[in-house]
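Only one structure is covered here, and it is reproduced in the block below.
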């Protein structure tokens with residue numbers, strides 16, 4: 001099963017759309033697999049950085065981005081978003097995998113060029129607790145800028161930066 005997360009509980013059909021941050025990319029319906037869906041347990045425009053520990057990570061990057069944490073995944077968001085995350089209800093739409101193709105294995109993204117009818121929808125609240133139940137460490141910071149700059153200046157590859165255009169500077 002694949003999923004799409006939205007703040008809107010009334011979507012009956014998902015129509016392919018072009019992404020504003022991917023000029024020239026065809027209009028598609030985006031979905032995510034269950035393993036990676038946690039990265040969407042946030043309000044739509046919440047800026048966040050996801051760091052994944054992998055066997056290939058260098059000791060320097062373990063120290064730099066994980067410190068003394070034993071977590072395999074750390075999500076960092078700006079402190080200003082805490083209340084919105086805590087109070088947000090997201091709606092998880094379910095799709096059959098047929099008609100989707102894998103777009104990005106590391107992120108768990110799938111795409112379809114066709115209109116897709118969901119086979120179900122489930123409201124999800126208590127998002128912080130859901131992250132913690134999955135063993136994901138959630139960090140809050142006053143600004144994501146230093147972490148983003150450190151990641152981009154490193155050889156660390158196990159990360160995702162989401163909705164950074166909404167980050168405070």
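Just a few scattered comments:
- Qualifying residue in the range 130-142 (condition: surrounded by fewer than 16 Cβ atoms within 10 Å (Cβ to Cβ), over 27 Å from residue 1 (Cα atoms) and more than 16 Å from the chain's Cα centre (by Cα)): yes
- Members of the range 131-169 found to be in a loop (DSSP other than H, G, I, E, B), modelled with pLDDT under 95 and under 19 Å from residue 62 (Cβ atoms), listed by number: 153, 154, 155, 156, 157, 158
- Yes/no for residue 11 being assigned to a strand (DSSP E or B), surrounded by 12 or more Cβ atoms within 10 Å (Cβ to Cβ) and either under 15 Å from the mean Cα position of the chain (by Cα) or touching a residue at least 40 places away in the same chain (Cβ under 8 Å) (or both): no
- Some residue of the range 75-97 being surrounded by 13 or more Cβ atoms within 10 Å (Cβ to Cβ), under 23 Å from residue 18 (Cβ atoms), under 16 Å from the mean Cα position of the chain (by Cα) and modelled with pLDDT under 95: no
- In the condition set (1) in contact (Cβ under 8 Å) with a residue 24 or more places away in the chain; (2) farther than 16 Å from residue 44 by Cβ; (3) over 16 Å from the mean Cα position of the chain (by Cα), residue 149 is compliant with all but (1).
- Here the range 104-129 is the region considered, the condition is being in a strand (DSSP E or B) and in contact (Cβ under 8 Å) with a residue 60 or more places away in the chain, and the residue that is farthest from residue 5 (Cα to Cα) is 112.
The values are calculated or read from the model by the stated rules, or taken from the named source; none is laboratory data. Predicted model, so just to flag it, every value in this text is computed and none were measured. When we count neighbours, we look across all protein chains shown, and the Cβ atoms used for this are built from the backbone with ideal geometry, even at glycine.
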